[in-house]
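The values are calculated or read from the model by the stated rules, or taken from the named source; none is laboratory data. All figures in this text were calculated on a predicted structure; none of them were measured in a lab. All Cβ positions, glycine included, derive from the backbone under ideal geometry; neighbour counts span all protein chains shown. For the accessible areas, the whole protein counts, side chains as well, though only heavy atoms, and no ligand, DNA or RNA atoms are used. Shrake-Rupley method; radii C 1.70, N 1.55, O 1.52, S 1.80 Å.
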Amino acid sequence: MTILKHCAIHKHVFFVFLTFLSLVGWAQNVAKVTGRILSEDGTPVEDVTISFSDEVGTVTDKKGHFSLTIPSDSNVVLSIRHIAFKSKSYPVNAKPGTTETFTIKLESITIQEYKYVEEKNRELSLVEIDPANVQMIATPGDPLMALLKTAGLGIATNNELSAGYSVRGGNFDENLIYVNDVEVYRPFLARSGQQEGLSFINSDMVQGISFSSGGFEAKYGDKMSSVLDITYRKPVRFGATIMASFLGVNLHVEDAIIKNRLKYNIGFRYKSNNYILSGMDTKGEYKPDFIDFQSLVSYDATEKFEISLMASYSDNNYRVIPENRTTTFGHVQQAKQLNVYFDGEEITRFQVVSGALTFNYKPNKNSYHKLIASAYHTKESERFDILGQYYLGEVESDMTDPNFGQVVNTVGVGSFLNHARNRLEATVITAETKSYIFREGKKPGSRNSMSFQWGVRYQHERINDKLDEWNLLDSSGYLIPYYGPSDIGQIYLQDIRKSHIELTSHRVMAYYQQGFAWYVDSARINLQAGVRAQYWSLNNEWLFSPRIQLSWKPNWKQDMMFRLAGGIYYQAPFYRELRDLDGNINTNVKAQQSIHVVLGWDYNFRIWKRPFKLVTEVYYKHLENLNPYELDNVRIRYYAQNNARGYAAGVDVKLGGEFVEGLESWLTLSIMQTKEDIIGDYYINDNGDSIFPGYIPRPTDQRFTLGLFFQDHIPFFKPLRVHLNLLFGSQLPFGPPNDNRYADTLRAPFYRRVDIGFSYVILQPDRKFKKPKSFMHNIRSLWVSFEVFNLINLDNTVSYTWIRDVSNRQYAVPNYLTPRLFNLKLVIKV
């Protein structure tokens, strides 16, 4: 059966590969452009970048000469860029096999002009991530999210299979994600990372990635932690990508047709986690199949008016028939082993359909006005009946004993039955308008400027949720809880949650933001100030959120910048925050509040004639009206009460640059503490006294995190490269499964993970073709990668299973993540 399954998978991969080859056959032939780049006085300019896409380009030599291969019979627009000169676009349309030669003079720009164009995101504390690095990272999960977890400031994670992440003490629900100005949502019912499937973002379609860890602008929405702003590419030429690996297949096609007025960017993804899950402690028959289709089509009706449509469909199916599980835990002197034998099945399915229609009017280069209508619909279900019979025993730790490593004493025997029939449907329909106007100073030669941004959004939400789940625990023939000989044998179910809830609500949101940039003694000062407002019909709550970002760039020899950002950030509840631990809905839950204060400093410098950047941010977040929650794997269960206050404080440092020439690498380091005080919680000690715990660690209190992404190539053989991804996170708090958060005094082990990839570039974009008419002539790049996941093969704990015996003694059995695995990946670009 295993051989047949692998044959079936290879058949699908082979079919997709043949389909891709047929697309390649239609690709255009090529021509060549050569020339020279000069300054205004005729001096050759070195290191000028000439490109016609994000990945295909070249640079000038010391004499200003360059040579580049381009598609023929196409309207190709060359992008010519240099740090000291104004960028220029040069259109070319060459016949097949011909060579176009030209000389271009570039206009010098002032330092101030460069600062404004290149540093506006730096002034707003937005981290820019190069999408080209996404496909290089070795990870069993989503590559873009894996790259973000090392590149973003203050990001913490302890699950490589999940797209969720925590930022500066917040949880997964506190992060905003936008794709082309449209907000993206996480699954509601997901309990574990292996159920999530594919994240919404298709990395093959991405052009820009911006991330802010806090203190972000008023134009972004109402969440307490971070914002991830993704831009999908609008192509200027034909391009295609295929990626095939042991984990699945990606296919992507894009082009600009009808005189470059109609542009499309289409992506398809298929992923199966069967290979990954087969190495985990729980053995069984896994059938995880995840598919995703996305498209972005835009049409330039006129030079000033554009219409675009973004659509997506995803179907994530997770099915498992568990058979057995063996987990050894504890330490050398007190090791224990849990053996479980299963019957039953689990089926989880998430179906999502979404679309956005955007009308974009650009009256001039300094302004735009957008009208966006979008719809999002998710249909989620989880069904399982899992019967488990477990045996918990002590493991012989004496290495001289012949039974070393074997179970020698059984300390717990029992069984459990977990049942669920949960279903949720959610629909979100929005209509919004966004505008932007930029104005330069009125005085001749003025370097001052102003900008204005505003927007209004209406949102309709409809939720239909049916919850039906319970657990039954039996130990040594006694149903837990057991009341002794007088027990009449009544069956007690645990964790009973039954409800059927339908909610319909409306939200209205608006923002206004104004920017100022001026110079004082040649030092640039940039100020962004704005305010957001929101009303939600369900709890009749109005919110007002002022925000500010200030930066100062002194006229020093060193390229340094200082920033101050802050504001009041509200997070109005969505459906998940309204449902308490028992499944009941509390519509009186109000918005949580976070007051941000962020001080930042960054320094651009050069070492070994290569660029580097050092970024440091210190922050404090004062938290009010908190809605406490419990975190189990990726499942967040709220108390649905605004009965806590808290804080988060820390420092983030990032050092990035070309440690190896031409390859970007970085190191991020974060130190953070977050605590909360749940109002009114207390317990009675052995003396009968009431004890109020006060401030306790929040579930995301990960004090220290480190992320590393490092790239290198073999000396004197650059096509062979190494890509290293390292993550380290300190211990997270946890406790027994009850409603008493103050009891979560235990700490999980460190999260330690190293993934590495070895790639070999077979065909490079700038290669010289020996056979212009050959099939390989149409392939822009081709490379293969051998990847090792969890290189050190460490057991990382994502959550705990709690086992009890008849004496009501509890044992926390760790649920481990993926072991060491190997992957082979092939990437072809046209």
Practice problem: Estimate the FRET efficiency between ASN738 and TYR603 by the formula 1/(1 + (r/R0)^6), using the beta-carbon distance for r and 51 Å for R0, to the nearest 0.05. | Solution: 0.55
Quiz item: What ranking of VAL411, VAL813 comes out by heavy-atom accessible area, probe 1.4 Å, highest first?
Solution: VAL411, VAL813
Quiz item: If we sort 556-564, 61-69, 236-244 on the protection proxy, mean other Cβ atoms within 10 Å, highest first, what's the order?
Solution: 236-244, 61-69, 556-564
Quiz prompt | Residue-span extension gain [TYR535 to TYR185] - 0.36 nm each, minus C-alpha spacing | solution = 124.0 nm
Quiz item: Which pairs break 26 Å Cα to Cα here: LYS259/LYS370; LYS86/LYS442; LYS621/LYS654; LYS95/LYS234; LYS219/LYS621; LYS263/LYS718?
Solution: LYS263/LYS718
Quiz item: For the peptides 323-335, 168-180, 145-157, 512-524, what is the packing order when you average, over each peptide's residues, the other Cβ atoms within 10 Å and list the highest mean first?
Solution: 145-157, 168-180, 512-524, 323-335
Self-check item: Accessible area (Å², per residue) of the chain, counting only protein heavy atoms and a probe of 1.4 Å
Solution: 45 Å²
Quiz item: Quick one: if you stick a label point 7 Å off each Cα along the C-beta vector at TYR519 and ASN93, how many nm between them?
Solution: 4.1 nm
Quiz item: Restricting to segment 108-265, what percent of DSSP beta bridges are antiparallel, rounded to 5?
Solution: 85 percent
Exercise. Run the 1.4 Å probe and let me know the accessible area of LEU655, rounded to the nearest 10 Å².
Key: 60 Å²
Self-check item: Extended-chain gain in nm, criterion 0.36 nm per residue less alpha-carbon gap, ILE671 and ILE792
Solution: 41.1 nm
Quiz item: Taking the Cα centre of segment 124-275 as the origin, how large is its charge dipole in debye, to the nearest 20, when only Lys and Arg (+1) and Asp and Glu (-1) carry charge on their Cβ atoms?
Solution: 400 debye
Practice problem: Apply the membrane-span-like helix rule to the chain: whole DSSP H runs, Cα extent along the own long axis of at least 20 Å, mean Kyte-Doolittle hydropathy at least -0.5. List the helices found. | Solution: 2-25
Quiz prompt | Solvent-accessible area, 1.4 Å probe, carbon plus sulfur percent, for the chain | solution = 57 percent
Quiz prompt | Area of ASP255 that stays accessible when all protein chains are in place (1.4 Å probe, Å², to 10) | solution = 20 Å²
Quiz prompt | Leading residue at positive end of dipole, segment 135-272 (Cβ point charges), from SER166, GLY215, ILE201 | solution = ILE201
Quiz item: Could you give the radius of gyration (one decimal) and Dmax (whole number) of the Cα atoms in segment 197-250, in Å?
Solution: 15.2, 43
Practice problem: List the pair-distance distribution P(r) of segment 589-658, using every Cα-Cα distance, as the percent of pairs falling in each 10 Å bin from 0 up to the bin containing the longest distance, rounded to whole percents. | Solution: 17, 28, 25, 18, 10, 2
Quiz prompt | Long-range HN-HN contacts of TYR165 with modeled amide H, under 5 Å | solution = none
Quiz item: Given +1 on the Cβ of Lys and Arg, -1 on the Cβ of Asp and Glu, and no further charges, what dipole in debye does the chain carry about its Cα centre, rounded to the nearest 20?
Solution: 3620 debye
Quiz item: Around GLY35, with a cut-off of 13 angstrom between Cβ atoms, what is the net charge of the other residues, counting Lys and Arg +1 and Asp and Glu -1?
Solution: +3
Quiz item: Quick one: which of 542-550, 91-99 comes out on top by average Cβ neighbours within 10 Å, and what's the full order, highest first?
Solution: 542-550, 91-99
Quiz item: Shape of segment 535-623 from its Cα gyration tensor (a ≥ b ≥ c, root eigenvalues): rounded if a/c is under 1.5, otherwise prolate when a/b > b/c, or oblate?
Solution: prolate
Quiz item: Among bridges DSSP assigns within the chain, what percent are antiparallel (round to 5)?
Solution: 95 percent
Practice problem: With label points built 7 Å along Cα→Cβ from the Cα atoms of GLU661 and ASP468, find their separation and express it in nm. | Solution: 6.8 nm
Quiz item: What chymotrypsin sites (Phe, Trp or Tyr not before Pro) in segment 385-476 are in a loop by DSSP, with at most 13 other Cβ atoms within 10 Å of the Cβ?
Solution: PHE404
Quiz item: Largest first, how would HIS82, HIS252 line up by accessible area (1.4 Å probe)?
Solution: HIS82, HIS252
Quiz item: Using a ≥ b ≥ c from the Cα gyration tensor of the chain (square roots of the eigenvalues), is it rounded, prolate or oblate, where a/c under 1.5 gives rounded and otherwise the larger of a/b and b/c decides, a/b for prolate?
Solution: prolate
Quiz prompt | Residues ASP47 and TYR178, FRET efficiency given R0 of 30 Å [Cβ-Cβ distance, rounded to 0.05] | solution = 0.35
Quiz item: In deg cm²/dmol, rounded to 500, what helix-only [θ] at 222 nm does the chain give when every DSSP H run of at least 4 residues adds -39500 (n - 2.57) and the total is split over its residues?
Solution: -2000 deg cm²/dmol
Practice problem: For segment 452-471 and segment 317-387, compute the distance between their C-alpha centroids and round to whole Å. | Solution: 17 Å
Quiz item: In what sequence, largest accessible area first, do LYS498, LYS466, LYS829 appear using a 1.4 Å probe?
Solution: LYS498, LYS466, LYS829
Practice problem: Leaving ligands, DNA and RNA out of it, work out the accessible area of GLU40 with a 1.4 Å probe and give it in Å² to the nearest 10. | Solution: 110 Å²
Quiz item: Measuring from centroid to centroid over Cα atoms, what is the spacing of segment 574-604 and segment 618-693 in Å?
Solution: 12 Å
Practice problem: State whether segment 291-335 is rounded, prolate or oblate according to the following rule on the C-alpha gyration tensor (a ≥ b ≥ c being the square roots of its eigenvalues): a/c under 1.5 gives rounded; otherwise a/b larger than b/c gives prolate, and the remaining case gives oblate. | Solution: oblate
